[in-house]
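S.K.: Once you've had a glance at the structure underneath, I'll fire off some questions.
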Amino acid sequence: MRNLSRRFFLMLLSLVILLPVLSAEASGSWQTFTESTVPDTLGFLVQEYTGTVTVTFLGDCTLGGEERSRSSASGFVRTIEKNGYGWPFRNLLTLTGSDDLTVANLEGVLSDRDLKKHRVRKEYNFIGPSAYTQILREGSVECVTLANNHSHDYDTVGYQDTKAALKDAGIAYFGTDCLAVWENEDGLLIGFLGVSGSLSGNRAKDYQKKAELLKSIGCSAIITVMHAGTEYEYTPDAYQEQIVSQAVKAGCCLVVGHHPHVIHGFNIVEGIPVAYSLGNCSFGGNARPRDFDALALRADLHFEEGILTGTTLHFYPLSISGSSRTNDYSPVFLKGAEAERVLRKMTDSTGFDLGSFDESAGAVITVPALSAD
């Protein structure tokens, strides 16, 4: 009886601790932590969940832009002032608003301070106000990855401001320095790892340690989100393949990528589904991008008594803008011949043909889990 009382108390404590990071738009709850700050409430319940968890992935999202151009007539700031916070993801809500969780790449800093003296010397530095977290909320984006080459555009100060803004808005995050775990109401845990650039040497060792930690606390699935590749190249490079190799070694069930600003294809590597690059999404960093093609990915993770049995992937071709001439920062679904054209680009990229396209379901492929073979 004492043990049952203790477990009931821990369950209540878990709910209390998780309440601040609950999303009003989706099911389940999130925790973000480092290897040295693992919450005691994770991993003590044995769950036997049977069902499907649906995750939507979006590519590069820059909510703001460069200081010198973000407030121009065609810039992101003026666009949001004119159309409201719901503008960027309004056309994608059929996906993001009907899933269990949505994960996007937040590429840039969110801060209300004057950070000019902290600006890192590089070609592009992206920043927007902390209020832009409302864009994520209205777009039903519950979690973002900060593992990218723009989250530190204003050094550690800007990075910490971004984390604080996300936390205040109840939006989860993960990066190269922290992990995130999503938990459904039945206790199922899904872990998220972020990678930026490459994985070798000590970085590979650190990544593997994080994966082992997620396994040890009871994650039934581990997903790696990578920000890597060569910009504006249409085929995966050696760094992406290196990350995928480490993800396979770590026992991940899915790898999803971005960074090249263009789409790459799909492949199955040693039984693990890999989407190498989704391209951009709502990208405030460029009013006239070279390539408007992008992808949204919906992943249905199928579980039986807590064991992942397979993943059904739905690829939806997008244009990052409703205008064909300039970026309006509000992606739209492509249909018909245009959608087929994007899928052919994916096939040309990796040689993997996803098959037919359906406007409601996308291009669909189901990959059985290794443990289910």
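S.K.: Full-extension gain between residue 341 and residue 121, please, as 0.36 nm times their residue separation minus the C-alpha to C-alpha distance.
M.R.: On the way: separation 220, 0.36 × 220 = 79.20 nm, distance 3.83 nm.
In short, 75.4 nm is gained.
S.K.: While we're here: Assuming R0 = 35 Å, what is the FRET efficiency of residue 304 and residue 37, from their Cβ-Cβ distance, to the nearest 0.05?
M.R.: That pair, residue 304 with residue 37, gives E of 0.65.
S.K.: To continue, here is another question. On average over all directions, what projected area in square nanometres does the range 90-130 have, based on the convex hull of its Cα atoms?
M.R.: Values: hull surface 17.4 nm².
For the range 90-130, averaging the hull's shadow over all directions gives 4.3 nm².
S.K.: In the chain, carbon and sulfur make up what percent of the accessible area (probe 1.4 Å)?
M.R.: Accessible surface attributable to carbon and sulfur in the chain totals 50 percent.
S.K.: Contour minus end-to-end for residue 215 and residue 27, with contour as 0.36 nm per residue of separation and end-to-end as the Cα-Cα distance?
M.R.: Stretched fully, the residue 215-residue 27 segment lengthens by 65.5 nm.
S.K.: Still on this model: Using a simple spin-label model with points 7 Å from Cα along the Cα→Cβ vector, what separation in nm is obtained for residue 269 and residue 155?
M.R.: Going by the 7 Å Cα→Cβ label model, 3.5 nm.
S.K.: Quick one: grab the alpha carbon gyration tensor of the range 58-122, order the square roots of its eigenvalues as a ≥ b ≥ c, and give me rounded if a/c is under 1.5, else prolate or oblate depending on whether a/b is larger than b/c.
M.R.: Oblate, because a/c is 1.5 or more while a/b does not exceed b/c.
S.K.: Sticking with this structure for a sec: Taking a probe of 1.4 Å, how large is the accessible area per residue of the chain, in Å²? Intermediate results must be reported in sequence, preceding the final value.
M.R.: Numbers: 15670 Å² over 373 residues.
With the other protein chains kept in place, the chain gives 42 Å² per residue.
S.K.: Do you know the Lys pair count in the chain for C-alpha distances under 20 Å, with sequence separation 8 or more or different chains?
M.R.: 9
S.K.: Okay, next question. Given 0.36 nm per residue, what is the gain on full extension from residue 113 to residue 48 after removing their alpha carbon distance, in nm?
M.R.: Stretched out fully, the residue 113 to residue 48 stretch lengthens by 18.7 nm.
S.K.: List every residue whose amide H lies under 5 Å from the amide H of residue 237, counting only residues 5 or more places away in sequence or on a different chain, with H placed 1.01 Å from N in the peptide plane.
M.R.: For residue 237, whose amide H was placed from the backbone, the distant partners under 5 Å are 230.
S.K.: Report the rotationally averaged projected area of the range 247-336 based on its alpha-carbon convex hull, in square nanometres.
M.R.: 7.1 nm²
S.K.: Hey, with R₀ at 35 Å, roughly what FRET efficiency would residue 291 and residue 82 work out to, going by the Cβ-Cβ distance, to 0.05? Display every interim value, and only then the final one.
M.R.: Details: r = 25 Å, r/R0 = 0.72.
So the FRET efficiency works out to roughly 0.90.
S.K.: Once you order the gyration tensor axes a ≥ b ≥ c over the Cα atoms, which shape class does the range 262-313 get: rounded for a/c under 1.5, otherwise prolate or oblate by comparing a/b with b/c?
M.R.: Note, shape of the range 262-313 comes out prolate.
S.K.: At 222 nm, what value in deg cm²/dmol follows for the chain if DSSP H runs of at least 4 each add -39500 (n - 2.57) and the sum is divided by all its residues, to the nearest 500?
M.R.: -8000 deg cm²/dmol
S.K.: Also, I was wondering about something else. Rounded, prolate or oblate: which one fits the range 121-273, using the alpha carbon gyration tensor with axes a ≥ b ≥ c (rounded when a/c is under 1.5, else prolate when a/b beats b/c, else oblate)?
M.R.: Verdict is oblate for the range 121-273.
S.K.: Calculate the tail of P(r) for the chain: the fraction of all Cα-Cα distances greater than 38 Å, expressed in %.
M.R.: Taking all Cα-Cα pairs of the chain, the fraction more than 38 Å apart is 13 percent.
S.K.: Something else: So what's the range 140-221 giving for Rg/Rh, alpha carbon basis, Kirkwood Rh from the mean inverse pair distance?
M.R.: Using only Cα positions, Rg/Rh for the range 140-221 is 0.99.
S.K.: Where the centre of each part is set by its Cα atoms, how far does the range 54-130 sit from the range 157-174, in angstrom?
M.R.: Result: 13 Å between the Cα centres.
The values are calculated or read from the model by the stated rules, or taken from the named source; none is laboratory data. The model shown is predicted, which means the values in this text are computed figures rather than measured ones. All Cβ positions, glycine included, derive from the backbone under ideal geometry; neighbour counts span all protein chains shown. The area values use the complete protein model at the heavy-atom level, side chains included, leaving out ligands, DNA and RNA. Shrake-Rupley method; radii C 1.70, N 1.55, O 1.52, S 1.80 Å.
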